[in-house]
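Participant: One structure coming up, written as structure tokens, with questions to follow.
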Amino acid sequence: MSDTESHRSGQDTIDSPGAVRAQTGRRGGGDPGTRGRTTIADGVVEKITGMAARDVAGVHAMGSGMSRTFGAVRDRVPGGTRSGVTRGVKAEVGEKQTALDLEIVVEYGVSIEEVARDVRENVVAAVERMTGLEVVEVNIAVSDVKLPDEEDEEPEPRIK
């Protein structure tokens, strides 16, 4: 094999016994921004989703009544495992895609269909923009309607 042929095949060439001349070219193989792998935890996607869903007009709260009650207690316990932002949100995250399940409480008088559509649009835009993951589905369960004369189930904090 000639020196020229070895460069074309991508092999190193030997000039003299014991000496190796490496092929010249780009080091590391491509754009530095594409080297390596990025993984995104389910909890990260759940937080983004929770914030985006809460931003939609007509969404009163996230989660069922029971989970909100337990969540309010858990939020006051130091070292609580789940953030209030993620209450009512479950994410399944793959390498390139994610699927989301949300449980929401809507305000009385709003169109549930419109609120659900707006939540989907806002969540998909936020998650895809911030993570680069494709959102394949956003399933929404409306677990309650907040009536104007109902009190919130979450107790007032004793300390302000």
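The values are calculated or read from the model by the stated rules, or taken from the named source; none is laboratory data. Bear in mind that the values here come from a model prediction, so they are computed numbers and not experimental data. All Cβ positions, glycine included, derive from the backbone under ideal geometry; neighbour counts span all protein chains shown. Surface accessibility is based on the protein's heavy atoms, side chains included, excluding ligands, DNA and RNA. Shrake-Rupley method; radii C 1.70, N 1.55, O 1.52, S 1.80 Å.
Participant: Report ³J(HN,Hα) in whole Hz for each residue of the range 116-125, in order, from the Karplus equation J = 6.51 cos²θ - 1.76 cosθ + 1.60 where θ = phi - 60°; Gly and Pro get x.
Facilitator: 4, 4, 5, 4, 4, 4, 5, 5, 4, 4
Participant: Also, I was wondering about something else. Using r as the Cβ-Cβ distance of ARG37 and SER111, and R0 as 41 Å, what FRET efficiency do you calculate, to the nearest 0.05? Walk me through the numbers before you get to the answer.
Facilitator: Values: r = 42 Å, r/R0 = 1.03.
It comes to 0.45.
Participant: Starting from the residue with the highest accessible area, list ARG117, ARG37 in decreasing order, probe 1.4 Å. Walk me through the intermediate numbers first.
Facilitator: Details: ARG117 115, ARG37 190 Å².
Descending accessible area places them as ARG37, ARG117.
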